[in-house]
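Working notes, beginning with the structure itself.
The values are calculated or read from the model by the stated rules, or taken from the named source; none is laboratory data. This structure is a prediction, so every number in the text was calculated from the model and none was measured. All Cβ positions, glycine included, derive from the backbone under ideal geometry; neighbour counts span all protein chains shown.
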Amino acid sequence: MTLPQTMSAMVLTGHGGLDKLQWREDVPVPRPGPGEVLIRVGASAVNNTDVNTRTGWYSKAVRGDTGSAAAEGYGGASDADGGWSGALSFPRIQGADCCGEIVALGADVPASRLGERVLVRPMFHPAGAEANALATFGSECDGAFAAYAVAASDQALRIDSALSDVELASFPCAFSTAEGMIQRAALGAERVLITGASGGVGSAAAQLAKRRGAHVTAVTSPAKAEALAALGADAVLARGAALPQDGFDVVLDLVGGPRWPELLEALTPRGRYVTSGAIAGPIVELDLRTLYLKDLTLIGSTRQAPEVFTDLIRYIEAGEIRPLVAEVFALRDLRAAQEAFLEKSHMGKIGITVGS
């Protein structure tokens with residue numbers, strides 16, 4: 001096929017407010033290098049990391065919750081280290097979630113890959129980088145908020161599914177984050193508490209934990225309790241409700257914030273706490289006596305073993321997990337999509353249709 005020279009894209013021009021997202025129709029279509037593929041993007045989705053990167057929330061200068069400046073940013077205070085891995089280069093095309101079709105191949109990529117429907121691994125080890133290096137699609141490289149995107153061939157995984165592009169695009173970032181947490185905790189048929197359970201990662205964690213036979217308690221608003229029960233939650237606790245002491249073997253936490261000490265008290269002796277987010281605030285108080293007297297294990301979860309994403313593909317193809325798309329916006333309406341995301345009235349993911 002003949003590729004166009006330019007494409008539409010939503011371009012992030014710097015850390016800050018929603019005005020930093022600029023719609024353009026003259027962005028050069030990228031060309032795949034050796035070992036890379038070009039993907040015609042069908043759909044993407046909105047994630048906390050998109051908003052946090054835009055505002056610069058990952059900066060050590062920021063101590064508040066993720067919503068405190070989500071619309072306007074931090075006025076340049078976080079420019080030096082506002083990306084999750086440090087300083088970010090601009091302009092940048094965000095979009096960690098990507099479902100699309102391979103339409104061009106770089107050198108050394110088998111011709112059989114042309115035409116494959118793929119999901120892109122959202123977090124990966126860059127080829128040739130040092131052992132602990134990590135990159136996110138749409139952060140350290142351009143992502144899926146564009147008509148076309150380039151990815152390393154081994155990070156674009158074939159998917160065989162009857163689900164739509166926007167349904168499939170709801171999986172990569174949220175579900176791989178949740179599955180990474182679950183695998184790090186080695187969760188089995190145990191009692192698990194999930195905070196922020198109505199969001200993309202939290203609702204994914206509820207499904208994935210139930211798939212492993214866990215007894216799932218979800219923390220959410222009462223209005224979303226019924227929907228979480230339909231996803232497999234065995235019990236639902238309202239935000240702010242008292243947590244049972246020693247009630248859980250594992251806590252999967254996406255919230256942090258001032259109530260964080262209560263989560264440790266809710267763990268049984270030898271319990272495991274796993275975090276991959278801090279939407280209520282990253283600065284918490286730890287009583288070391290709780291940690292050592294209860295023999296707790298605290299786990300941070302960002303880096304993922306390669307099998308996390310291949311396992312996720314397998315679950316999708318087997319129909320063991322299902323997408324949860326709350327609302328869908330066109331890419332040119334990404335600002336409105338992020339505004340809807342920040343209202344937190346939805347459950348699951350906000351999808352973005354792209355197309356060329």
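Phe341 - would you say it is aromatic (Phe, Trp, Tyr) and touching a Ser or Thr at 6+ places or on another chain (Cβ under 6 Å)?
Details: aromatic (Phe, Trp, Tyr): yes; touching a Ser or Thr at 6+ places or on another chain (Cβ under 6 Å): no.
Criteria not met by Phe341.
Just to be sure before I move on: is Ala227 at pLDDT below 95, exposed (fewer than 15 other Cβ atoms within 10 Å of the Cβ) and within 24 Å of the chain's Cα centre (by Cα) in the structure I sent? Considered against the rule, which asks whether it is at pLDDT below 95, exposed (fewer than 15 other Cβ atoms within 10 Å of the Cβ) and within 24 Å of the chain's Cα centre (by Cα), Ala227 comes out as no.
Highlighted here are the helices (runs of 4 or more DSSP H) found entirely within region 234-320 that include at least 3 residues which are under 27 Å from Ala223 (Cα atoms) and not aliphatic (A, V, I, L, M): 260-265.
Among the conditions (1) of a type outside the set (Lys, Arg); (2) under 19 Å from Leu3 (Cα atoms); (3) modelled with pLDDT under 95, the only one that Ser89 does not satisfy is (2).
One line per residue, one yes/no per condition, for (1) in contact (Cβ under 8 Å) with a residue 40 or more places away in the chain; (2) surrounded by 21 or more Cβ atoms within 10 Å (Cβ to Cβ):
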position	(1), (2)
Leu243	yes, no
Glu265	no, no
Leu288	no, no
Leu296	no, no
Leu312	yes, yes
Val328	yes, no
Ile352	yes, yes
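Kindly provide the set of residues from region 341-356 that are closer than 12 Å to Asn47 by Cα and either assigned to a helix (DSSP H, G or I) or of a type in the set (Phe, Trp, Tyr) (or both), ordered by number. Answer for region 341-356, where residues must be closer than 12 Å to Asn47 by Cα and either assigned to a helix (DSSP H, G or I) or of a type in the set (Phe, Trp, Tyr) (or both): Phe341, Leu342. Would you confirm whether any residue within region 10-32 is in the same structural domain as Glu327 (by TED's automatic domain parsing), of a type in the set (Ser, Thr, Tyr) and not in a strand (DSSP E or B)? Checked region 10-32: at least one residue is in the same structural domain as Glu327 (by TED's automatic domain parsing), of a type in the set (Ser, Thr, Tyr) and not in a strand (DSSP E or B).
Note on region 127-156: among residues that are under 12 Å from Asp97 (Cβ atoms) and aliphatic (A, V, I, L, M), the one that is nearest to the chain's Cα centre (by Cα) is Ala144. Considering Phe145, Phe124, the condition of being of a type outside the set (Val, Ile, Thr), touching a strand residue (DSSP E or B) at 6+ places or on another chain (Cβ under 9 Å) and crowded, with 24+ Cβ neighbours inside 10 Å is satisfied by Phe145 alone.
Residue count for region 152-173 satisfying the condition of being farther than 11 Å from Glu317 by Cβ and either out of contact with any strand residue (DSSP E or B) (no Cβ under 8 Å at 6 or more places or on another chain) or of a type in the set (Ser, Thr, Tyr) (or both): 4. Among the candidates Gly143, Gly128, Gly188, the residue that is of a type in the set (Gly, Ala, Ser), assigned by TED's automatic domain parsing to the domain that holds Leu38, part of a loop (DSSP other than H, G, I, E, B) and touching a residue at least 12 places away in the same chain (Cβ under 8 Å) is uniquely Gly143.
Of the set (1) closer than 23 Å to Leu324 by Cα; (2) in a loop (DSSP other than H, G, I, E, B); (3) among the acidic types (Asp, Glu), all apply to Glu101 but (2).
Answer yes or no as to whether Val284 is in contact with a Pro (Cβ under 8 Å, 6 or more places away or on another chain) and at pLDDT 95 or above. Before you say what the answer is, go through the steps one by one.
Values: in contact with a Pro (Cβ under 8 Å, 6 or more places away or on another chain): yes; at pLDDT 95 or above: yes.
The answer is yes for Val284.
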